[in-house]
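Worksheet: the structure to be examined is printed underneath.
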Amino acid sequence: MSLKAKQFIIAILGLTFLASLVYVQRMEIVRRQEEAGLTDPHISVPASSAQCVDCHNQSTPGIIDHWEGSTHAVKGIGCVECHEAEQGDADGFEHYGHFVATIVTPRDCARCHQAESEEFERSHHAAGGNILASLDNFLAETVEGSRVPFNPHSRTPGRAIDKVNGMASAFTGCMQCHGSKVALLGTDGGMITVDDLEPDADGKPTNMEAVARISKDANGKPQFHNGTWPNTGIGRLNLDGSRGSCSACHSRHDFSPRRARQPENCGKCHLGPDHPQKEIFEESKHGVAYRDLRDEMNLDSPDWVLGEDYSQAPTCATCHMSGHTRNGGTITHDPGERISWTNRPPVSMVMDTDINGKVVKEADPAEREKQIVDTWEAKRQRMKQVCTHCHTQAYVNGFYEQYDDFVVLYNEKFAKPGKAIMASLRAQGLITDTQFDEEIEWTWFYLWHHEGRRARHGASMMAPDYAHWHGMYEVAERFYQELIPQAREIAEHGRENGKVAEADAVEQTIDEILKRPEHQWIGDAH
Amino acid sequence: MGSIANWVTERVPISGDQLRELTNEPVPNHLKRWWFCLGGTPAYLFVVQIVTGIALAFYYEPSTSKAYESVRYITEDAAFGWYLRGLHKWGATLMIAAVILHQMRVYFTAAYRKPRELNWIVGMFLLVCVLSTGFTGYSLVYEQLSYWGATVGANIADSVPVVGPLIKTMMLAGESYNEHTVPRFFVLHAAVLPALIVLLLAIHITLIRLQGVTEFKSEDEEEGKPQHFNFFPDHLYTELIVGLVLMILLSVLATCLPVHVGPKADPLVTPEVIKPEWFFYTAFRWLKLFSGTAAVLSMGFVVFLMFCWPFVDAWIERKWPRKNLYAWIGIVAVLAILGLTVWEAAVAH
């Protein structure tokens, strides 16, 4: 090759290399613009999911649209990466050359988000499915519905209904927040749940008899029991033994961090008469500031660290989960890590938690000390780190004194006495063991489950109207005007029916309570 | 201009003629063929690695707690970090490939024979240093695979009889991966091994200059024509073209196949599949085929044979002259390396 030819090639290659550097510069500019939210991010469809995207763009375009707006799409995480199942998974099936599962469980998400998954597993959120054995669920399954299907007692014009699903209220109400026990349909028409499959540590079923009973459609796809799926309840009991549903907060298929940071996201479940946290937040000055300043809160920021990326107002996520400058921007997926009182039960308890993240109920100080792994003081200190981004230490301490006093007042004046009266009635056999079959059980339930929680939650998040008018005012009214009269009436009926000693015991309990200084204002009228 | 030239000549007493003689050594005609440029290619890529490595070191933090986050920062946040890391990663891949191809060219053209045996041994040391640099660099990312790759590598070293445990302890700065391991790998990767490579390269090139390049005469070369051509500008142009092609190739690879950050290392969770970088596939597959110590010893023997090859080849030539057995041995070795590499790449475990 002549020298001239070589010089020509060098010139061409030199220009090509310069062009490649210009292209690199262009890529960097585009990347910066995407980061700053000035342009739509570049979507990269991984080869493994190209076929899924093509097909579902026709059949379920919304799913693809949502996914294209996700960080997953930008990072090249496609359909297969999340939905991929392993041979032996109870709900796995062949789908156009891929072995996939419909439900993506926290175990699947943990393949990439392990730390987040572990935090979530420790949380009370993950235990939301425990409601299946609770008083609330008795209400939905038995009082509101029926645990066994029953026949309709009259015709529904236009519909041929031959059976009433008594679990409908539980499936549609309770479990859509608390999480269902996901069930596959059995060949015998029954349900096959995690209890039947008995999964091992890797989530693989060990009970092959149950696996053999799974009903499948013509394409070999396992059929779900429609009562338990669709479900994105936060404490969902999955077939692989994992608990929870990440999409409860991180809505699929865009998994938007922006949405998870906003109170409306939590408001799917944390609202209503029994735990109106969202309404309470909205009434508080925090909520007022949020509504006014949300556009300045940098909600699209990749990290969203309080004190760095924003400080205009807090949301639920800010106080309970998000990173801030005092903890190095560390996010937690256990919202209980910063909560010092649990206001869920009839009587509030301090949030000393054991190794499993459960509230320690032990009363003996020495034994209690042994069980506690994380104290309520440590949790409060974590919350104070958040508060002190905007409030002085003295202000925060003052707030907590007000809050503590409020909770203790509720506990001592109404909750513990109410609980003692109900226990006395039951111990004396003046009410049955069946819940909600007597008026006073509804009264007591309203008192602590609705009004008592409203009052305490109102106090915890600085919403005076909820603390007082929707809270303590109604607790007091329910206590003096309903609980006490109804308890005395039951005792009186018992006395008339020959249960004199039992009635005396209940009366004595009530009298001793009402003789206390805090109740003396009401005199002998009750 | 004259006064400036005089000023420089007074202080650097080398005349223009001497400089021309030094830089313009006649180059044998066979070097006009492109595949004979494979010796310069790794040297060129080594310079790319040094430059990009220095740029990455501005941000990389060599500690167990910060290594992963700093690599993530380089890849996702720092300006042009993704490009520099891509150049560095693909540069390493191409450099190792070029070293292997260069060695194969030297082998099949028997350029290692007398009087160039020592330069072959220097080349073998260079190969070991380059592979070690690749291994330590891979481990610096502190991803799951790099962490477990380092752990498996150390365990393999542990199987060497007598000195194995000592080698493992020296590698990991302890009996197992600990907070001193990443800093140790960093010092090896960014200081010790590059310095050794520079030293060995200097010896390698000096020996080439002293002995001259091996001369080959191709069959189609016309009699009576010049046997050599000028280094400057002829050969320099050729090297410049190779360098530019490499930079364009690196740029394309770094932009079209960008480097990502995998899951962070978790000492408590062993990945289902542990794979080293591709250039260790042959050794990895070999180790899987045989039991620990036997595999390590046999592998060690093969490496020892490679070091001594010029002398072994001389003995074979004396025993079976003009049979070109070295070429057949080379073909079998290359097929074995290719086979083991493809095998390891094709299977999950």
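Here are the numbers:
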item: Residue pairs meeting the criteria (Cβ under 7 Å; at least 6 apart or on separate chains; first assigned by TED's automatic domain parsing to the domain that holds A:D65, in segment A:29-55; second assigned to a helix (DSSP H, G or I) and among the basic types (K, R)); result: none
item: The lone exception for B:E69 - which of (1) within 14 Å of chain A (Cβ to nearest Cβ); (2) crowded, with 19+ Cβ neighbours inside 10 Å it fails; result: (2)
item: A:E68 vs. criteria within 14 Å of another protein chain (Cβ to nearest Cβ) and either touching a Pro at 6+ places or on another chain (Cβ under 6 Å) or among the acidic types (D, E) (or both); result: no
item: Qualifying position, being over 17 Å from the mean Cα position of the chain (by Cα) and either crowded, with 18+ Cβ neighbours inside 10 Å or of a type in the set (D, E, K, R) (or both), among A:V305, A:V288; result: A:V305
item: Segment B:89-134, subset more than 19 Å from B:E317 (Cβ to Cβ) and of a type in the set (D, E, K, R), residue modelled with the lowest pLDDT; result: B:R105
item: Counted residues, segment A:16-25 - those being more than 14 Å from B:L249 (Cα to Cα) and within 10 Å of chain B (Cβ to nearest Cβ); result: 1
item: For A:I12: the one exception among (1) within 12 Å of chain B (Cβ to nearest Cβ); (2) under 30 Å from A:S247 (Cα atoms); result: (2)
item: Subset of segment B:232-259 (residues that are of a type outside the set (A, V, I, L, M, F, W, C) and either surrounded by fewer than 19 Cβ atoms within 10 Å (Cβ to Cβ) or farther than 18 Å from B:A97 by Cβ (or both)); result: B:P233, B:D234, B:H235, B:Y237, B:T238, B:E239, B:T255, B:P258
item: Search result, residues across segment B:76-89 that are touching a residue at least 60 places away in the same chain (Cβ under 8 Å) and more than 13 Å from chain A (Cβ to nearest Cβ); result: B:K89
item: Meets criteria (out of contact with any Asp or Glu (no Cβ under 7 Å at 6 or more places or on another chain) and assigned to a helix (DSSP H, G or I)) for A:R107; result: no
item: Residue count, segment A:346-357 (criterion: surrounded by 15 or more Cβ atoms within 10 Å (Cβ to Cβ) and either under 22 Å from A:C249 (Cβ atoms) or without any contact (Cβ under 8 Å) to a residue 24 or more places away in the chain (or both)); result: 5
item: Single condition A:T434 does not satisfy, out of (1) under 21 Å from A:D136 (Cα atoms); (2) among the polar types (S, T, N, Q); (3) in contact with a helix residue (DSSP H, G or I) (Cβ under 6 Å, 6 or more places away or on another chain); result: (3)
item: Qualifying residues in segment A:462-486 (those that are surrounded by fewer than 21 Cβ atoms within 10 Å (Cβ to Cβ) and of a type in the set (A, V, I, L, M)) - the one nearest to the chain's Cα centre (by Cα); result: A:M462
item: Output for segment A:71-84, where each listed residue is closer than 14 Å to A:V45 by Cβ and within 13 Å of chain B (Cβ to nearest Cβ); result: A:V74, A:K75, A:G76, A:I77, A:E81
item: In segment A:421-441, the residues that are assigned to a helix (DSSP H, G or I) and surrounded by 15 or more Cβ atoms within 10 Å (Cβ to Cβ); result: A:I421, A:M422, A:S424, A:L425, A:I440, A:E441
item: Among the candidates A:E451, A:E502, residue that is more than 30 Å from A:F399 (Cα to Cα), buried (at least 16 other Cβ atoms within 10 Å of the Cβ) and touching a Gly at 6+ places or on another chain (Cβ under 7 Å); result: A:E502
item: Cross-chain or 6+ apart pairs with Cβ under 7 Å, segment B:107-128 first and at positive phi, then part of a helix (DSSP H, G or I) and at pLDDT below 95; result: B:A110/B:Y326
item: Subset of segment B:233-271 that is of a type in the set (D, E, K, R) and at the interface with another protein chain (Cβ under 10 Å from one of its Cβ atoms) - its residue that is farthest from A:V24 (Cα to Cα); result: B:D266
item: Sole residue being surrounded by fewer than 16 Cβ atoms within 10 Å (Cβ to Cβ), within 18 Å of B:M247 (Cβ to Cβ) and either away from every other protein chain (no Cβ under 13 Å) or among the hydrophobic types (A, V, I, L, M, F, W, C) (or both), chosen from B:I54, B:I96; result: B:I54
item: In segment A:27-52, the residues that are at pLDDT 75 or above and within 12 Å of chain B (Cβ to nearest Cβ); result: A:M27, A:E28, A:I29, A:V30, A:R31, A:R32, A:S44, A:P46
item: Where a residue in segment B:59-75 is under 14 Å from B:P263 (Cα atoms) and its partner, wherever it lies, is part of a loop (DSSP other than H, G, I, E, B) and among the basic types (K, R), with Cβ under 9 Å and at least six apart; result: none
item: Condition met for A:S284 (in contact (Cβ under 8 Å) with a residue 40 or more places away in the chain, in the same structural domain as A:M383 (by TED's automatic domain parsing), small (G, A, S) and closer than 29 Å to A:A110 by Cα); result: no
item: Criterion: modelled with pLDDT of 95 or more and assigned to a loop (DSSP other than H, G, I, E, B) - qualifying residue of A:A313, A:A317; result: A:A313
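The values are calculated or read from the model by the stated rules, or taken from the named source; none is laboratory data. Note that this is a predicted model, so its numbers are computed, not measured. Cβ atoms come from the backbone with ideal geometry, glycine included; neighbour counts cover every protein chain shown.
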